1. Taking 25 °C and 0.890 mPa s as the conditions, I'd like the Stokes-Einstein D for the stretch 40-125 in µm²/s, using the Kirkwood hydrodynamic radius from alpha carbon pairs.
2. State, to one decimal in nm, how far the label point of residue 28 lies from the label point of residue 100, with both points 7 Å from Cα in the Cβ direction.
3. For residue 50 and residue 127, what is the calculated FRET efficiency with R₀ set at 30 Å and r taken between the beta-carbons, to the nearest 0.05?
4. Which lysines, if any, have their Cα less than 16 Å from the Cα of residue 66, not counting same-chain residues under 8 positions apart?
5. Run the reach check for residue 55 against lysines, Cα to Cα strictly under 17 Å, same-chain hits fewer than 8 apart removed. What comes back?
6. Cβ neighbours within 10 Å, averaged per peptide: list 87-96, 66-75, 46-55 in order, most packed at the top.
7. Given H placed 1.01 Å from N in the peptide plane, which residues other than close sequence neighbours of residue 35 have an amide H under 5 Å from its amide H?
Amino acid sequence: MSAPNSQDLYSIVYLYEDSKGKVIVTDIVMSEVRTYTDLAMGGWTTAEDSKVTDKQASMLSAALKKRLGATYSPIALLSTQSASGINYCFFCEAGKVTADPSAEYAFVYVNENGEGTAEVYEILDFISE
């Protein structure tokens, strides 16, 4: 049960598995990015399989070609939404193209229209609360 006016946010959960197979949570890092899967109408649907398919990776790559200054490597497909085609929310490793590059994470939102053309419409950095 959720508290009134609560929002579902994406998080990273760190797990440790010992040699006997016992798993413990070592850390949880909350982001400030809302999932929107808690909305009944027009919301996002959690991906049935978070594995990024070759087709989805190619579509994401094509959509990112116009973006300069950073690279994005998909880690997981988090959710989809039907809206003028299909919207996708990918969780990506983000690398800044600088003299001292650092690995970070980002949520990359892509719209694939009914004609098969894909376009990035939003990129949100993973920022912990």
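Readers should treat all values here as calculations from the given coordinates under stated rules, not as data from a laboratory. Not measured: the values here are computed from a predicted model. As a convention, Cβ positions derive from the backbone with ideal geometry for all residues, glycine included, and neighbour counts pool all protein chains shown.
1. Working: Rh = 13.3 Å.
In µm²/s, the coefficient is 185.
2. 3.4
3. On the way: r = 21 Å, r/R0 = 0.71.
Taking R0 as 30 Å, the efficiency between residue 50 and residue 127 is 0.90.
4. The qualifying lysines are 96.
5. Those lysines meeting the cut-off are 65.
6. On the way: 87-96: 19.8, 66-75: 13.5, 46-55: 11.7.
Top to bottom by mean Cβ count within 10 Å: 87-96, 66-75, 46-55.
7. Distant-sequence amide H within range of residue 35: 8, 9, 10.
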